[in-house]
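Reviewing the structure listed below.
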Amino acid sequence: MSPINILNWLQHTWWAVGIKESDFVFPLIEGSHILSLSFSVGMVMILDMRLLRISFRSQPVSQLMGQLMPWTMTGFAVMLLTGILLFAAQAVKVYGNTFFRIKMILMLLAGLNALYYQVRYYPKMAEWERTKTPLGVRIIAVLSLILWIGVIACGRTTAYEL
């Protein structure tokens with residue numbers, strides 16, 4: 001079975017059709033997706049700005065991270081769920097959209113970037129968080145900002161291309 005056949009089946013399930021055809025549900029899901037994206041990525045950007053020592057300089061990274069991560073992860077969970085629902089409602093069309101594919105690649109790269117930070121720098125954060133931020137951490141923060149801005153731009157462009 002080809003991916004297009006699976007996506008065609010998905011977008012014709014009763015719940016995906018219900019989402020797409022609803023004058024209330026689709027905009028509610030789309031609005032929730034955009035708000036949760038703003039919330040989640042906004043928290044990530046605050047942390048990136050701290051890692052770059054642009055803001056919150058007096059606050060230890062670990063403390064700021066501890067405060068932001070529950071909100072970031074909650075926003076990301078809502079964003080992921082609503083994104084899946086939006087995708088299901090128009091699966092074939094969205095799958096063929098170049099900007100959607102770029103968005104998915106950028107999200108994967110952003111996730112790998114965050115994973116690299118967690119594995120390489122997070123365990124030694126106590127050694128550097130109050131002094132000079134390592135060059136590798138600053139590069140990760142800049143990449144994070146660039147990747148998430150790209151995700152947002154591609155996501156908005158995807159919506160206009162459908």
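Bear in mind that the values in this text are calculations on the coordinates, not laboratory data. Note that the structure is a prediction, hence the values are computed from the model and not measured. No Cβ is skipped: glycine too gets one built from the backbone with ideal geometry, and neighbour counts run over all protein chains shown.
Rounded to the nearest 0.05, what FRET efficiency do Met104 and Ala153 have when you use their Cβ-Cβ distance and R0 = 22 Å? FRET efficiency, Met104 to Ala153: 0.95.
For the pair Thr13 and Met45, the difference between a 0.36 nm per residue extended length and the Cα-Cα distance amounts to 7.8 nm.
Against the chain, whose longest principal axis comes from its Cα atoms, helix 25-51 is set at around 20 degrees. Once both labels are positioned 7 Å from their Cα atoms along Cα-to-Cβ, the gap between Thr74 and Ile34 label points is 2.2 nm. About the Cα centre of the chain, what is the dipole size in debye to 20, counting +1 per Lys and Arg Cβ and -1 per Asp and Glu Cβ, all else neutral? Computed charge dipole of the chain: roughly 660 debye. Taking a ≥ b ≥ c as the square roots of the Cα gyration tensor eigenvalues, region 3-98 comes out prolate, since a/c reaches at least 1.5 and a/b is larger than b/c. In straight-distance terms, cross-link reach from Lys132 covers every one of the lysines whose alpha-carbon lies under 20 Å from its own, apart from those fewer than eight places away in the same chain; here that gives Lys124.
For the chain, the relative contact order is 32 percent, taking Cα pairs closer than 8 Å that sit 6 or more residues apart in sequence and dividing their mean separation by the residue count. Compute the label zone of Gln59 within region 80-116: residues whose backbone N is under 16 Å from the point 7 Å along Cα-to-Cβ. Hits in region 80-116 for Gln59 at 16 Å: none. Take 46-54, 23-31, 108-116 and order them by the average number of nearby Cβ atoms within 10 Å per residue, most first; the result is 46-54, 108-116, 23-31.
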